[in-house]
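Q: Take a look at this one; I'll ask things after.
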Amino acid sequence: MLTDSYGRTIDYIRISVTDRCNYRCFYCMPEGGVKLIHRKELLSYEEIAEVIKQFAAKGVSKLRLTGGEPLIRSDIEKLIKMLSSIRGIKKIAMTTNGSLLENKAAKLKANGLNSVTVSLDTLNNEKFEKLTRMGIVSDVVCGIDEAIRIGLDLKLNTVLLRGINENELDELISFAFKRDITIRFIELMPADYDIGFYKKRFMPISYVSEFVKKRYDAKPSNYRSAGPASYVEINGHLIGFISAVSVGFCDNCNRIRLASNGKIYPCLGHMEEYSVDFKKALGKGESIDDLIKKLLEIKPKSHNLLNLSIKSSMSMIGG
Ligand code: SAM
Ligand code: SF4
């Protein structure tokens, strides 16, 4: 079992399989995109599987593929197959913008993907196109419906955004309830390339939890996923709340992040100063045991996001 210097068990790795994306969401990247890593710096599927094998031998059992947009990396189902055959790996999930899910869902499931989280901040096509700078919301809805049809376990993630979707909570919740899926509301986190957006659009998660309490017959739920959400239950449906800024979740943090450049970041809110370069070590044929030890030693107690906003982009570190 892997335990960090604050006694937290680490059993969950988020893998950013690419820093590229077919959207440019305002809160995640600037309009021109981010500085992309060179293709030769990108971890190969074999390298990802090798790193995960070593962590799985030490107790990591849950993986989440993310990005950038994981579905734009070619043959991603091949990686899922490789990861699902690693001894000790019990659950493989993916976070996706859903735009390419309709055609890929069946193959992903057949290769061992257990669950998928689709990001959906609005159902209004005009707002969606503006927010993502290029997306078409019906593509995402078709992806969601196909994933449900073939029996993939599915959740929605919705970032709460002042002036964009705080007046759409009912529609988003009933969209989820009609499909019998869980929706989780997430507090906006500051990204350093556009602090102005954060200041203008941030709303505390209490806005939506209060709304839900007043509007529905909501009961607190003991349900816990692998992540930091807390839940309420309404007639058998779950609504989740994730707050990195106003409440925080670092005390129970169980995860580390493998970025597409081969560095592992032990915390979302701290970048280069705390990263460990696994690709370099693999390239030299070095043992990564010492790097794993170092990673556990340097994992910080908390993210400090308000003073150190997310450097670079969520798409690089794997949101
Ligand atoms: N492209 C995929 C997607 O959008 O689901 C996966 C990568 S994206 C970086 C992962 C998650 O991070 C998405 O749910 C997105 O809404 C969230 N995210 C990105 N930037 C964020 C920010 N500044 N604050 C809160 N959540 C953010
Ligand atoms: Fe792409 Fe996801 Fe970032 Fe949007 S949130 S730009 S879909 S990586």
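The values are calculated or read from the model by the stated rules, or taken from the named source; none is laboratory data. Just so it is clear, the model here is predicted, and its values are computed rather than measured. Cβ: placed from backbone, ideal geometry, glycine included. Neighbour counts: every protein chain shown. To get the accessible areas, we keep the full protein, side chains included, count just its heavy atoms, and leave off ligands, DNA and RNA. Shrake-Rupley method; radii C 1.70, N 1.55, O 1.52, S 1.80 Å.
Q: Helix 137-149 sits at what angle to the longest principal axis of the chain, using alpha carbons and giving 0 to 90 degrees rounded to 10?
A: 70
Q: I would also like to ask the following. Take R8, R87, R39, R215 and sort them by solvent-accessible surface of the protein heavy atoms, 1.4 Å probe, largest at the top.
A: Listed by decreasing accessible area, they come as R87, R39, R215, R8.
Q: Next question, about the same structure. Relative contact order for region 1-141 using alpha-carbon pairs under 8 Å, separation at least 6, rounded to a whole percent?
A: For region 1-141, the relative contact order is 26 percent.
Q: OK, next. Where does helix 169-178 land angle-wise versus the long Cα axis of the chain, in degrees 0 to 90, nearest 10?
A: With rounding to tens, the tilt is 80 degrees.
Q: Shifting gears a bit: With every protein chain kept in the model, how would you rank M82, M189, M134 by accessible area, 1.4 Å probe, largest at the top?
A: Sorted by accessible area, descending: M134, M82, M189.
Q: Based solely on its DSSP helices, what 222 nm [θ] is calculated for the chain when runs of n ≥ 4 H residues each add -39,500 (n - 2.57) and the sum is averaged over all residues, nearest 500 deg cm²/dmol?
A: That comes out to -9000 deg cm²/dmol.
Q: Turning to a different aspect of this structure: Relative contact order for region 114-182 using alpha-carbon pairs under 8 Å, separation at least 6, rounded to a whole percent?
A: Result for region 114-182 is 41 percent.
Q: Run down the aspartates and glutamates and flag those whose C-alpha is under 12 Å from the C-alpha of K280, throwing out any fewer than 8 positions away in its chain.
A: Here the aspartates and glutamates satisfying the reach criterion relative to K280 are E41, E47.
Q: Taking 8 Å as the Cα distance limit and 6 or more residues as the minimum spacing, I'd like the relative contact order of region 2-317 as a percentage.
A: With pairs under 8 Å counted, the relative contact order is 21 percent.
Q: Once you have a ≥ b ≥ c as the square roots of the Cα gyration tensor eigenvalues for region 78-163, tell me rounded if a/c is under 1.5, and otherwise prolate or oblate according to whether a/b is larger than b/c.
A: prolate
Q: Looking at the chain, what % of the alpha carbon pairs are farther apart than 36 Å?
A: 13
Q: Tell me the per residue accessible area of the chain using a 1.4 Å probe; a whole number in Å² is fine.
A: 45
Q: If each residue of separation counts as 0.36 nm, what is the full-extension length gain between F211 and R87 once their alpha-carbon separation is subtracted?
A: 40.3 nm
Q: Among all cysteines in the chain, which have no other cysteine Cβ under 4.7 Å from their own Cβ?
A: C21, C142, C250, C253, C267
Q: Can you tell me the dipole magnitude for region 2-317 around its Cα centre, using point charges on the Cβ only (Lys, Arg +1; Asp, Glu -1), in Debye to the nearest 20?
A: 520
Q: Can you list residues from other chains, or at least 5 along the same chain, whose modelled amide H is less than 5 Å from the amide H of E69?
A: Amide H neighbours of E69: R20, C21, N22.
Q: Right, here's the next one. How far is helix 206-215 tilted, in degrees, relative to the longest principal axis of the Cα atoms in the chain, given as a value from 0 to 90 rounded to the nearest 10?
A: 40
Q: Residue separation times 0.36 nm, minus the C-alpha to C-alpha distance between F249 and K293: what's the value?
A: 13.5 nm
Q: Among the listed pairs K178/K214; K40/K294; K91/K214, give every one whose C-alpha distance is greater than 28 Å.
A: Violating the 28 Å limit, Cα to Cα: K91/K214.
Q: Determine ³J(HN,Hα), in whole Hz, for all residues of region 261-269 in sequence, where each value follows from phi through the Karplus function 6.51 cos²θ - 1.76 cosθ + 1.60 and θ = phi - 60°; x replaces Gly and Pro.
A: Each residue of region 261-269 in turn: 8, x, 8, 9, 10, x, 8, 4, x Hz.
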